[in-house]
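I have placed the structure first, in the form of structure tokens, so that the comments after it can refer back to it.
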Amino acid sequence: MKEFLDHFEKLLGAFKDPEYLFLVLEPVLFYGIGIGVIGLIAAWFLKNERLQLASLIVIAVSALAIFPYLGARESAQKRIVKVYEIESPTRAKAFSTNTADRIDHKWIYLALAGVAGAAILVGPRRNRLGLGLAIGAVVLGLHGVNYSLWMHYQDSLAFHPNLKTNDAPVKEKLRAKPIESTVEKSTPAPKPAPAAADDRIPAPTPPREIRPLARPIAAGGSGGQG
């Protein structure tokens, strides 16, 4: 219980910080409005007037959250720009640009809150005017959800460079170098160099002695006289 109370006290203190407050309120502009629009469409098919009124209240309250959101964002912008103007000037510029864009398009949320409030007063199912106001709340609600998500994406691109839309810091995979073995490789013994050719002229070979062939002795010889 003590831990819960400590966390609750710290959260109450964190809500006083505009940098944290605008981060908490930002999802209301798309989740809150989106849930209200879905509930209104479902209640229309279910023909449940109470659920329709509850959905219109959710839409109107979520749209009116644009006032505290922009107030906290403008207050936080001064510190955010000072923090990033030296380290990352592109982030500071993108944050300021997105803030100005949200201020210029806050009419979307004001119109949505006005139409939803009028539909609550008239009644979404009582007459054609109430039906038209309910349809207008759905159309403006979808437009508000689309715009809120788009601006949330623009802030994400500015503060999260790891998104796929941005260039990756390393475009190609780097292969690790193979680990060289510490064992010395045995070097093969050098081959003996071939003997150099002898350029000297060899001595002349002495001529062979040719001897005459011996005459064969005639068989029987010459006969003696008797």
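Read-outs: derived from the displayed coordinates by stated rules, not from any lab. Only a predicted model underlies this, so the values are computations on that prediction, with no experimental measurement involved. Cβ: placed from backbone, ideal geometry, glycine included. Neighbour counts: every protein chain shown.
For the peptides 38-48, 62-72, residues were scored by their other Cβ atoms within 10 Å and the scores averaged per peptide; the highest-first order is 62-72, 38-48.
Rounded to 0.05, the FRET efficiency of the Leu142 and Met1 pair, given R0 = 41 Å and the Cβ-Cβ distance, is 0.40. A Förster radius of 35 Å combined with the Cβ-Cβ distance from Asn127 to Asp104 puts the calculated FRET efficiency at roughly 0.50.
Applying a DSSP loop filter and a limit of 11 other Cβ atoms within 10 Å to the trypsin sites (Lys or Arg not before Pro) in segment 79-170 leaves Arg126, Lys164.
I'd like the distance separating the alpha-carbon centroids of segment 16-72 and segment 80-154, in whole Å. The distance from the Cα centre of segment 16-72 to that of segment 80-154 comes to 11 Å. Spacing of the modelled spin labels on Val24 and Leu157, each 7 Å from Cα toward Cβ, amounts to 3.0 nm. Distance between the pseudo-spin-label points of Glu9 and Ser88 (7 Å out from Cα toward the beta carbon): 3.4 nm. Paramagnetic label reach from Asp17 (point 7 Å along Cα→Cβ; backbone nitrogen cut-off under 17 Å): within segment 59-100, residues 72-84. Can you give the FRET efficiency for Ser96 and Val61, using 1/(1 + (r/R0)^6), R0 = 25 Å, r = Cβ-Cβ distance, to the nearest 0.05? Efficiency at R0 = 25 Å is approximately 0.30. In this simple spin-label model, placing a label point 7 Å from the Cα along the Cα-to-Cβ direction at both Ile41 and Arg79 gives a separation of 3.9 nm.
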